[in-house]
Amino acid sequence: MAVSDHVDLPTFMEGVKKRNPYQPEFVQAVQEVAEDIFEFMQDKEEYHSQQILRRIAEPDRVVSFRVCWEDDKGNIRVQRGWRVQNNNAIGPYKGGIRFHPSVTESVLKFLAFEQTFKNALTGLPMGGGKGGSNFNPKGKSVREIMRFCQSFMTELYRHIGADIDVPAGDIGVGGREIGFMFGQYKRITNNFTGVLTGKGLEWGGSLIRTEATGYGAVYFLANMLATRGEDLAGKTAVISGSGNVATHAAEKIVQLGGKVLTLSDSGGYIHDPDGIDQEKIDWVKSHKTHRRGRIEEYVEAYPGASFHAGKTPWGVPCDVALPCATQNELLGDDARLLIANGCKAVAEGANMPTDLDGVHVFKAAKILYAPGKASNAGGVAVSGLEMSQNSERRSWKEEELQQMLKDIMAGIHKSCLAYGDQGGGYIDYVKGANIAGFKKVADAMLAFGVV
Ligand code: NDP
């Protein structure tokens, strides 16, 4: 087939939309990747003729199941659970589990698709997957959460395995939920194996897994700033979210001499002009994780701060911004506002927090902008290291792991430069990450033939 006969990008996207009706998040994620890959594939006949992108954009399988559980009042509750196994060309499926009422098949398909490229970028042998449920953990008792996790795993266990698919945490799923799910897996299968990551240190977990996504995002940001001869010392940072990724990103910014001005949750954001230092970050961690509180209560503990209900923090002037809450939380107008206020760099801690309009705004302004698949890969990278430690039945020391995380983030940065350097000092990190991730998966798929 001649190169000129290949379908063009609009025709390809029409097909994706037609085959995935009512799945806007998935279509958006494919579009963002396809924009760069079509350009890259222009003169690469084999990728076209073997329909590689078309195949990556069709999950290997989507498992959907019923999750029944009993609440504390004895009511029977019914939720829907999923596991999307997107692609295992370079290793077992790997990706988190999300419990949030906004979870749909579309959201999990977009996350599993993104995860495929992200995992390839880490340089570790991991395919892409994602799972979750529309279960809302907010307001539930610990016993209700335990019963839900057990019921979820009672179905999920038959689809996963240490060399098949290794889930981890995500929104609404932290160490406690991983513990409940691992306990149930072990009980059903009588098999103590590294089937989940993000485990407790006493039962196969890895040091620095909890910190890895947030820390890694800031390491990536520091790498980007270094290309312009700058660092984080003295820089102001606006961060969204107040969960695992946001609080650890804030912690690393502070350690590297920056000043964090905001954090948020789904109720709004807090702005602390004095800076959110380590003591305040510890308060937020404990408040959100252990007390399950709301970010608005921060202003009672620290009256110098203000709370802005129902708003996102992108209007607060800053040098760097880190969206670390959820998808599509930073829109085109937010991106324009950030740039107008002098923001120099954006590193995504969350997955696809910037909508397509926002991505185009950042690219057109040629600021330092890292997509989540590059900048938030530190978490899954340390999960990959947890898998290695489990296979070897050993634990690496904290310093060794910290160094490996730094090296992996620097390696991802280097891969982005290889394919994203546009000359004149501008690096298109979106393009660099998309092409570097795609190429690794695509070349493995070519080796396997038509499967
Ligand atoms: P957590 O559950 O620990 O925290 C999520 C935070 O985001 C909370 O502050 C939550 O607020 C807020 N949030 C969630 N949904 C919404 C929404 N619809 N609107 C506004 N705020 C919202 O999750 P993580 O920190 O683990 O994950 C955050 C992001 O990072 C996600 O996109 C996740 O996929 C991504 N990520 C996480 C990794 C990890 O290792 N944990 C790895 C790579 C990516 P509230 O308390 O009000 O719900």
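The values are calculated or read from the model by the stated rules, or taken from the named source; none is laboratory data. Just so you know, these numbers come straight off a predicted model, no measurement behind them. All Cβ positions, even for glycine, are placed from backbone atoms using ideal geometry, and neighbour counts span all protein chains on display. Ligands, DNA and RNA are stripped out before the accessible areas are found, and what is left, the full protein with its side chains, is counted by its heavy atoms. Shrake-Rupley method; radii C 1.70, N 1.55, O 1.52, S 1.80 Å.
Annotations
- Between Lys17 and Val142, the C-beta separation translates, for a Förster distance of 41 Å, into a calculated FRET efficiency of about 0.45.
- Pairwise centroid distance, computed over Cα atoms, of the range 79-95 with the range 277-293, Å: 32
- Where the alpha-carbon atoms of the chain are placed on the principal axes, they occupy 66, 54, 43 Å, in descending order.
- Close amide H contacts of Ala168 (hydrogens built in the peptide plane, cut-off under 5 Å, sequence separation of 5 or more or a different chain): Gly95, Gly96, Ile97, Thr197.
- Antiparallel bridges, percent of DSSP beta bridges restricted to the chain (to nearest 5): 55
- Membrane-span-like helices in the chain (whole DSSP H runs, Cα extent of at least 27 Å along the helix axis, mean Kyte-Doolittle hydropathy of at least -0.5): 398-420, 429-448.
- Share, in percent, of DSSP beta bridges within the range 211-375 that are antiparallel, nearest 5: 40
- Surface/4 estimate of mean projected area, convex hull on alpha-carbon atoms of the range 116-221, nm²: 7.6
- Global form of the range 241-386, assessed from the alpha-carbon gyration tensor, a/c cut-off 1.5: oblate
- Dipole of the range 1-55 [Lys/Arg +1, Asp/Glu -1 at C-beta], most positive-end residue of Gln31, His48, Gly15: Gly15
- Relative contact order for the chain, counting Cα pairs under 8 Å that sit 6 or more residues apart, in percent: 15
- For Asp357, net neighbour charge (Lys/Arg +1, Asp/Glu -1) across residues whose Cβ lies under 10 Å away: -2
- Estimated distance in nm for a label pair at Ser391 and Trp203, the labels positioned 7 Å out from Cα along Cα-to-Cβ: 2.4
- Quarter the surface of the alpha carbon convex hull of the range 61-193 and you get the mean projected area, 7.6 square nanometres.
- Counting only heavy atoms of the protein chains and using a 1.4 Å probe, His159 has close to 50 Å² of accessible surface.
- Between Val67, Val218, Val346, the Cα set farthest toward the positive side of the dipole of the chain (charges on each charged residue's Cβ, about the Cα centre) is that of Val67.
- In this structure, Val299 and Val62 have a Cβ-Cβ separation that, at R0 = 56 Å, corresponds to a calculated FRET efficiency of about 0.85.
- For the range 412-440 versus the range 18-77, the gap between their alpha-carbon centres in whole angstrom: 23
- The range 296-382: C-alpha gyration tensor shape, a/c 1.5 cut-off, then a/b vs b/c: oblate
- Scaled to the globular estimate 2.2 N^0.38 Å, the Cα spread of the range 165-273, given as radius of gyration, is 1.32.
- Gyration tensor verdict on the range 12-126 (Cα atoms; rounded if a/c is under 1.5, prolate if a/b is larger than b/c, oblate otherwise): prolate
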